[in-house]
1. Looking at (1) part of a helix (DSSP H, G or I); (2) in contact with a strand residue (DSSP E or B) (Cβ under 9 Å, 6 or more places away or on another chain), which is the one condition that is false for Ser243?
2. Counting just the residues of the stretch 216-240 that are of a type in the set (Gly, Ala, Ser) and not in a loop (DSSP other than H, G, I, E, B), which one comes out surrounded by the most Cβ atoms within 10 Å (Cβ to Cβ)?
3. Among the numbered criteria (1) among the aliphatic types (A, V, I, L, M); (2) more than 30 Å from Leu87 (Cβ to Cβ); (3) at pLDDT 85 or above, which single criterion is violated by Leu246?
4. Hey, among Gly14, Gly74, which residue is more than 25 Å from Ala463 (Cβ to Cβ), under 60 Å from the mean Cα position of the chain (by Cα) and modelled with pLDDT under 75?
5. Which of the residues belonging to the stretch 531-545 are in contact with a helix residue (DSSP H, G or I) (Cβ under 6 Å, 6 or more places away or on another chain) and open to solvent by less than 30 Å² (accessible area, probe 1.4 Å)?
6. When the residues of the stretch 433-473 are filtered to those that are open to solvent by 80 Å² or more (accessible area, probe 1.4 Å) and of a type in the set (Val, Ile, Thr), which remaining residue is nearest to the chain's Cα centre (by Cα)?
7. Select from the stretch 269-282 the residues that are part of a helix (DSSP H, G or I) and touching a residue at least 60 places away in the same chain (Cβ under 8 Å) and write down the one among them that is nearest to Gly220 (Cα to Cα).
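The values are calculated or read from the model by the stated rules, or taken from the named source; none is laboratory data. These figures come from a predicted structure and were not determined experimentally. When we count neighbours, we look across all protein chains shown, and the Cβ atoms used for this are built from the backbone with ideal geometry, even at glycine. The area values use the complete protein model at the heavy-atom level, side chains included, leaving out ligands, DNA and RNA. Shrake-Rupley method; radii C 1.70, N 1.55, O 1.52, S 1.80 Å.
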Amino acid sequence: MDPSTSTNPAADDGAGENDAYIASLLDELNEARKKLREKDSLLNETQERLLTLEETVKQITTTNEDEKADDHTGQKIDHMHGLDRELAQSIGIDSVATYGHYVNAQRNLRFRRRSSAVTSALSTTFRSEGEIGVIQHIAGRTHSAEWDEICEDLDVNDVNGHAMTPLYSPPVQRQRYGDDKVLPHVGWGDLFFDLFFVGAAYNLGVLLKSIIVADQGVRGCMYFFGSLGPLWACWDNETFYQSRYLTIDYCHRITEVLRYIFVAFAIFNITEFQNYYDPLNANILIYTLSMTLEQMMQLALRVELYFKGLGDDVPIKNHSLHEIKFRKLPFLAMYIAAFVVAAISYSRANEFTDRGKVWDFNDLPMTITAVIYLLELLYEFSWYQLGQIQTKDVRTYFVPVIVDYLIKRYGEFTLLLLGECILSLLGIGETTTSKYYYMIVIFGIVTVIWLLFLIFESEPSDAQAHALWGNRWNTVCYILLIQIITISLIGLGASFKIFLHTVIDENTLPYDDGRDIGIKFFVVVLSLVVVSLELLNLCHVGIKRAVGHLFQTTEGGKRKLYWPVFVVALIKVGIFLFCFTLNQWIHEAEHIVPAGCAVVVALSITRVVVYFSLHQQALLKRTMEIVRQSVDSAKTAVFRAATLRQEVERPCNRV
């Protein structure tokens, strides 16, 4: 038998068993893989569910934390007061407050204070014993219910009217960021201080008149602005100081007396151009010395604020240090330089026999003081201030000012300048019976009176609509326009002096066209006044709102020209053009003053018409309807009278 063809049943059975075993293993492997896949799927589902649950828990936790934080923030705001509360409500507790935020907070706080929505909060702000002592002394000296209420808020007793003025007491901040209330102003010397500036305005008018008569351009401008600028800075610095701080002690009163003396000596030495021009005259020397001493007093007050000021320490120190470094010390050095140069010039006056035609060494002191005035303006409106406002929290470098007090003081200063114009018309010391003299005086007085109406008509009826309550640019423009009005009103007074002296003595002016020079100058300053007043009104209202007054929204929602206001605007443009060209139409002083008066009166009338057109439209419509009915009635009456006359004449003609 062939072995290769033989069969082995046992081997075949073993192979089959192996195949079955392998198949079972494969089945088990597939089942294990299936279970593994199911396990992976279940694990993925579990992980996804876990992630979902974690996200839900996180959201719930975050919401609870936010609610707790909001509750905590709300509780913190509830415990805050004054400007801090207003800022926290508008921009958040930890946000950086800019100057714009500060102004809005001031405005809101003022509104709440006037609407009696502010509770007493002086006791919630930490007040040092020094501050409380000053407040007690002031309350005891003033016997004012307002100060008694402040003492009640602080839970302290006043001194029942038996307070003795202390020898020294540090200045106290009037409005703190954490107080709802403001410490009232107790400066009795404001109006007295203004009296000195009436004399300053009059003497500056005399100087300006002599500059015009002498036909001095560059040198005259140096003398005028070098005399005006330091005095304006003195008044402005004092006004802002009083709007921020209170003082009541003998040391500060003595300081004020010394400042009055220095300012008085400076004003006394503002004289005619010929005296300034003469190197043998000591006017410039005394003027620069007086302003140097006054600047030293201002520097001392800022140093005192840095070390002794009571209130919000951080802004007081930062604000005072900034003024010392960038304003008081540099300007004091320049005043000292002007005084030294003036002393050298005076001591060597005999050597300066030949004066330069335009400028020379003797003009350097007044040139320096004129540059100081320019630098004062640049400091007020500098980009440094604007950049700082955008990058730092206002509560770290700015001490709050009382805006209502500033509005009041600027209004009083404008009245002071109008008083100088009246003094120029009535106080020249010489009179004549010429009808031209009386025409200039009478129409000049009427012009000043109408300017008074126009100036206060330019101020908003609601103090919160004032430019000083606006943004930084509104404030900058307002202060700049006030200075332009100051210069223009001084020039208006000087032109009145020129006209009156020309009428009294035709030989007063050393050249034939002196009257024409005075007329041209009158036109320039009057134009500056009326344009500045219009821009002042625009500064309060805003350009966008002013342009909006020219249009009216119809019932269909369309905008169309509001003809009454548009026509009045065109009339104003015509009035301005007429004012700019007055000297082209009129060549006599006795006639140009009445023409200037007519310009001011016409502008005042346009203000009234605009007011009724915007705010009294119903009354205006009724008035126009009454006028129309009256015209129709008059036409009807005339027609009936003519008809009746014809009927009466017909029988007569037949006869």
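1. (2)
2. First, the residues of the stretch 216-240 that are of a type in the set (Gly, Ala, Ser): 217, 220, 226-227, 229, 233.
Pick out the ones that are also not in a loop (DSSP other than H, G, I, E, B) and you get 220, 226-227, 229, 233.
Values: Gly220: 19, Gly226: 26, Ser227: 29, Gly229: 22, Ala233: 24.
My answer is Ser227.
3. Just one mismatch for Leu246, condition (2).
4. On the way: Gly14 fails: under 60 Å from the mean Cα position of the chain (by Cα).
The conditions single out Gly74.
5. Matches in the stretch 531-545: Ser532, Leu533, Leu536, Cys539, His540.
6. Checking each candidate, the answer is Ile442.
7. So the first thing to find is which residues in the stretch 269-282 are part of a helix (DSSP H, G or I), and the list is 273-277.
Adding the requirement that they be touching a residue at least 60 places away in the same chain (Cβ under 8 Å) leaves 273-274, 276-277.
Details: Phe273: 7, Gln274: 10, Tyr276: 10, Tyr277: 10 Å.
Here the residue is Phe273.
Let's see how each residue does on (1) in contact with an Asp or Glu (Cβ under 7 Å, 6 or more places away or on another chain); (2) of a type in the set (Val, Ile, Thr); (3) assigned to a helix (DSSP H, G or I):
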{"position": "Ser210", "(1), (2), (3)": "yes, no, yes"}
{"position": "Val257", "(1), (2), (3)": "no, yes, yes"}
{"position": "Ile286", "(1), (2), (3)": "no, yes, yes"}
{"position": "Met291", "(1), (2), (3)": "no, no, yes"}
